[in-house]
Every structure is written in C-alpha cells, then in structure tokens.
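Every read-out reported here was derived from the displayed coordinates using simple, explicitly stated rules and does not represent laboratory data. These numbers were taken from a predicted model, which means no experiment stands behind them. Don't worry about glycine lacking a Cβ; one is built from the backbone with ideal geometry, like all the others, and counts go over all protein chains shown.
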Amino acid sequence: MMRSAERSGIIPDTVVPEAWGGQWLRLPVIVGGASVALLVVGGFVATVVGGADSFVASAVSNLGQLVAALGATVAAAVASGRQTGPPRRAWLLVAIACGAWTTGQLIWCDVELVRVQDMPQVSVADVFFLTFTAVMGFAVWPSGGRHTDRLRTLLDAFIIGMSLFAISWATTITYVAATASDNDGGLPGVLINLAYPCGDIVVLTIVLLGASRGTHERSSLTVVAAAMALIAVSDGFYAYLSASSTFDPGSVTGLGWIAGFGLIGCAALAGAPAPGAASGSPLRTDEHLAGRPGRAASMLPYLPLAVALVIIVADRYRDGSDRVTGIVVVLTFIGVLIRQYLTIRDNVTLTRHLENRERDLARQAFADQLTGLPNRALFTDRVAHALEQHRRNLRPLALLFVDLDDLPCTRQE
C-alpha cells in the first residue's frame, strides 16, 4: 500500500482517500475554501476602497495572510498526525514550513499594525519567510521510487528549472540586480530580494516534477503546486516592488500569499484520513497505474516553457536587449530535443520488444515445445488457408499423410 506513497516526499503520489466524497472530508474542505475566498475578497475590496497605502488595507492583508498561514500550519499538523510513513514526514515538514512563515508574519504584523512603523527592508521576518521556502523544498523532495528513468527525470527538472529561471529573470531578477546600487538595504537587501524568486524556482521545479509523475488526477501535490505558484508570484512582486522601494503592505501582492496558504491547508484537509480510520487504510493505491502519469500530467514540464516563451517574446518586443533569456531558451530547447530523442528511442525499443514478443507467442502456439516441430494447430491453420485458396481460385490441393509406427525416441528422466 505504501509503495506508491514512497515515491515522493509530499504527497507526490499520496492520493486523496476514499472518503473524498464523504461527509467528514467534504465539510472541512468546503469551510476552509470558503474562508480563504472570503479573505481574498476582503483583501481585494480593502485595497480597492482604501488604497494600497492605507492602514485598513494593510491590516486586512496582513491579518489575512496570518490567518491563512496559521490555518495551513494546523491543517498540515493534523494531516501529519493521521498519516504514516513518508506522508507523515512530508506533512510534518509542511507544518514546520508554514509555522516558520506564520512566525515571520507575526513579526511583520507586530511592526506594521501594533507599533505602526514601516517594516525595514532587511529584518528578522525575512529569515522565517526564507525558512519556509527551504523547508518546503525538503517536504516535496523525492524520497524513493524507481531509478530507471533518472536521465529523463533530470532532463524534465532541467526544462522546468530553466523555464522558471527565464520567467523570473525577465520579470524580477534582472530588475533587482539593476537596482542594486539604489537598494536601501545594501547588499543584504539585494541578496534577500534575489533569494525569494530563486528559492521559489527550486521548490516549484521539484513540485512540478513530482506532479508530472503523479498517478492520480486528485493528487494533493497538484494542489500544492498551484499553491506554490501563487506564493512564487507574490514573492516575485514583493522582490520587484521592494527593490524599487514602492512596496505597500496593503497591495494586492498579499492576495497570492493568502490564496497559496489556503490551498495548502485545503490540500492537507483533503489528504488526511477520517478520524478513527485504520492506520494506512485511507490511502488508495492503484498498482496498475504506478509509474503511468496521465497525459495532462506528463505535459507539465512544458507548461513553464510555454509561459516563459510568452513572457520572453513580450519582453523582447519591448526592448529586445537581453541576451541571458536567449541563452536560457536555447539551452532549454536543447534539453527538450534530448528529452524527445529519449522518448522516441524508448518507443522504438518498446515496439521492437512487442514485435519480438509477438513472434515468440506465435512460435509457441504453432510449434512443439520439446522438438520445435510444427504442431497440430499449425497444420489446421495451413489446411484452412489452403482450402480457402482452393475455394476462391480453384488452386490445386493435395494432402500427404504419413503414418509412422514404432518411431524410436529417447525418454528423458
């Protein structure tokens, strides 16, 4: 039962339990999703009505992020307590990661809302925020599985990582690096602003790689991938706005964090078994599907590449002076070509194997296993074919019957 769950740290192949449609599982997910939706809508309304620089918008956004992160921490801790093996460890790491982010958000709320001061660009809160990214990387890190497709896995990781780097470079990194001299936080501020998008690239690469090898359409990892994508978008906007000293705590940037942690909490609630369930019983594994991701999942490595191409085309249409993105795209497409070559080679090998297998089966069906001579099944097939030819074309037909008696043979003991 744990064979499928051990292939990846989080929940990569931990599928939603049988109680998905049950009353116990449906209610917490619905309540959690509705609460997150209310927080997102409330934050958006406060920003539009009061303005991104207003205290009300800042309070609604910061408290919404705090509630969402705290809820994700509690949900992941509950899921960890109701799982066994690698899923238990994975959800525990998710709880630790979300707890670190919650701590950083508490510090932020204390400065912004209690002391009513501007948060410095470099603070202790950044340590906890970056700890979240690092621990999440360990939570989604593969922890086992087959080792026969390592090269394809590395190529998929290369394609995803380079595509995400191209996106981040065109939207965030290049601007943060260009404004390094104007950064109020000095070198530490620049490094922290770069650490957010770079860390998100690593975590998103691992998450998308695991989701592309998922064996179930409702895998919790798919939800975690969407959550990390939202958090990465908010981190990118934060790094960009922080580098230009135009970040407002009440901006819509916080909505991505609220929605991201809300999705993580919902994934934890959906992935946890019902209370009182037998240990290990809630996880349903389909052994015949192991190692067979769906068509949509297998295309996930190319989704970031498509997004990167759109962003790069738009960026080059605007100024067309960046060489880094061109190099990244060339290297990425080289990886894609190698990946496709391996796929074609595997298909050719599989086709050849099936042809050989078909010949072996035909040989076993129409030949004696001991002597290798044609058997009665082949004789019947040839006679039927000859009779059909005779019926159609009046082709001459003859049958020679030889009766051998006392044929000497050697008996093998």
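The table for this structure:
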| quantity | calculated |
| --- | --- |
| Segment Asp110-Arg150, extension gain: residue separation times 0.36 nm, minus the distance between their alpha carbons | 9.7 nm |
| Efficiency of FRET between Ala34 and Ser54 - r from beta-carbon atoms, R0 35 angstrom, step 0.05 | 0.85 |
| Approximate spin-label separation Tyr341-Ala377, in nm, with each point projected 7 Å along Cα-to-Cβ | 4.2 nm |
| Neighbour-count order for Cys266, Cys98, Cys198, fewest beta carbons within 10 angstrom listed first | Cys198, Cys266, Cys98 |
| Efficiency of FRET between Val348 and Asp403 - r from beta-carbon atoms, R0 51 angstrom, step 0.05 | 0.55 |
| Length gained when the stretch Asn356-Tyr302 is fully extended (0.36 nm per residue, less Cα-Cα span) | 16.1 nm |
| Long-range amide H partners of Ala367 with built H, under 5 Å | Asn375 |
